[in-house]
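Structure, as structure tokens:
Nothing in this text is a laboratory measurement; each read-out follows from the coordinates by a stated rule. These figures come from a predicted structure and were not determined experimentally. Backbone-built Cβ (ideal geometry, glycine too); neighbour counts: all protein chains shown.
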Amino acid sequence: MLYAMPRLASEDRRVLEQVDTMRDQLRYAVQQVPTKWTFDLRKALTASAIAASNAIEGYKVPAADVADLLDGEREVDASEENKAETLAYQQAMTYIQSLHDATDFQYSKELLNSLHWMLQGHHHPLRTAGQWRKSAIRITAPGDELATDYEGPDQELVPGLMGELVDWLNTGDLDSHVLLRAAMAHLNLVKVHPWSDGNGRMSRSLQTLLIARGGVLAPEFSSIEEWLGMPGNTWEYYKVLREVGGPVWSPERDTLPWIKFNLLAYHQQTQRVQRRVDRSNDCWVQLMDETGTYGITERQVTALHEVAMTGRVRRSRYEKAEAINAQQATRDLQALTKARLLTPVGVTKGRHYVAGPRFPEGVLATARRHHTISNPYAA
């Protein structure tokens, strides 16, 4: 028996309808903007999701450094352990993103164990990866390692429960909204806790996979991992998991509070992404309007746009974004530095560029434009 899909209240259906409307609008907005910066935005959102999900587990690397790691940079201010966790999550996330339109797709125990290996294989054999746990599991309460927050089902039950979950992923509640199914997949996986480590990230990854398979938006625009990683939201995340899941495996419990929490997450993260799309688009348009004033090329706008949106750009990142060689990228960045639009920071190997004294202030103001995120349940 698994934790079951609840019956939604009228206010929940209203919030879900709003999420659908916003996601449709966001899909249309993304389709209307230049592919070049949309690609950059997708990478930035992926980096934010990885940074947030790892931060929940105590591996803290800023999203900007995660983005550099994803681009192959290794000279970032992070421990070797945090770099390894980041790159492992990238491996799993890249595979998840690639599955969003895979034909003849089917969930299986092997798929889940393979994803787990991508996340945790670098710890093997110190921690077994890609195999169900062979011992009891005890989750400690946040801030008190002596207090038990949750005890998972006996290890002998794990294979059967995972078989039941896989069957449900393929055939269960198919008439329910994909966002609801994704939330329930997350809850059931984290409560079965089938592996000795990495269960939280795997559960969040599985939720992202189900959302991606829904096909409304590219998976980078759909994940709520960034939202879950915000400190106040992380606390509420643990709280609702405790309240809904119970102190032990108890699938008869009411799961509506978990669904409400996820609907809030979907709604607010979609708001955040929409605001970011709007700012990014406005910055791009403003920079294109300034090409004549500052004597910059359309290609160089990519570097300036990256600085406006993330605070910095690296040569390797610019090189890949524009599909040019290292010499061309270096010349472009040197020209922007000479024009005082950019300022180099650091030595050659770890160098990056930030806004220079002549960087258009209006563009920076647009990139930092404030927004308000509403609570749909407070309406």
(message) Using a Cα-Cα cut-off of under 24 Å, which lysines could be cross-linked to Lys134, ignoring same-chain neighbours fewer than 8 residues away?
(response) Lys109, Lys191
(request) Averaging sequence separations of C-alpha pairs under 8 Å and six or more residues apart, then dividing by the length of the stretch 290-367, give the relative contact order as a whole percent. (result) 28
(request) Could you compute the FRET efficiency for Ala147 and Gln31, with r as their C-beta to C-beta distance and R0 at 51 Å, rounded to 0.05? (result) 0.55
(request) Can you tell me how much longer the chain between His124 and Arg7 gets when fully stretched, taken as 0.36 nm per residue apart minus their C-alpha distance, in nm with one decimal? (result) 38.0 nm
(request) Between Arg369, Arg315, Arg42, find the one with the highest GNM mean-square fluctuation for the chain; connect C-alpha pairs within less than 10 Å. (result) Arg369
(request) For the chain, with a Gaussian network of springs between Cα atoms less than 10 Å apart, report the residue from Ala326, Ala88, Ala265 with the top mean-square fluctuation. (result) Ala326
(request) Could you tell me the distance between the Cα centroids of the stretch 178-204 and the stretch 311-326, to the nearest Å? (result) 36
(request) Compute the separation of the alpha-carbon centres of the stretch 52-86 and the stretch 341-361 and state it in Å as a whole number. (result) 22
(request) Report relative contact order for the chain in percent, whole number only (criteria: Cα-Cα under 8 Å, sequence separation at least 6). (result) 20
(message) Over the chain, with a Gaussian network built from C-alpha contacts below 10 Å, which listed residue (Ala147, Ala329, Ala339) shows the highest mean-square fluctuation?
(response) Ala147
(request) Calculate I(q)/I(0) for the stretch 72-167 by the Debye formula, one identical point scatterer on each C-alpha and no solvent, and give its log10 at q = 0.12, 0.18, 0.19, 0.20 Å⁻¹ to two decimals. (result) -0.57, -1.09, -1.14, -1.17
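Select from the chain the helices, each a whole stretch of DSSP H, whose alpha-carbon atoms run 30 Å or more along the helix axis and whose Kyte-Doolittle mean is at least -1.0; answer none if there are none.
35-56, 256-289
Tell me, what does the Kirkwood hydrodynamic radius of the stretch 10-275 come to in angstroms if you use every pair of distinct C-alpha atoms? Walk me through the intermediate numbers first.
Working: mean 1/r = 0.0526 Å⁻¹.
Computed over Cα pairs of the stretch 10-275, the Kirkwood hydrodynamic radius comes out at 19.0 Å.
Quick one: length gained pulling Thr372 to Asp289 fully straight, 0.36 nm per residue minus the C-alpha distance? Don't skip to the end; give the middle numbers.
On the way: separation 83, 0.36 × 83 = 29.88 nm, distance 2.77 nm.
Result for the pair: 27.1 nm of gain on full extension.
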(message) I need the shape label for the stretch 1-139. Rule: rounded when a/c is under 1.5, else prolate if a/b > b/c, else oblate, with a, b, c from the alpha carbon gyration tensor.
(response) oblate
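Taking 45 Å as R0, compute the FRET efficiency from the Cβ-Cβ separation of Glu75 and Asp175 and round it to 0.05. Spell out each step's value before the answer.
Values: r = 51 Å, r/R0 = 1.13.
Efficiency at R0 = 45 Å is approximately 0.35.
Can you tell me the length gained on complete extension of the stretch Arg138 to Leu99, counting 0.36 nm per residue apart and subtracting the Cα distance? All intermediate terms of the calculation are to be shown ahead of the outcome.
Working: separation 39, 0.36 × 39 = 14.04 nm, distance 3.23 nm.
Contour length minus Cα-Cα distance gives 10.8 nm.
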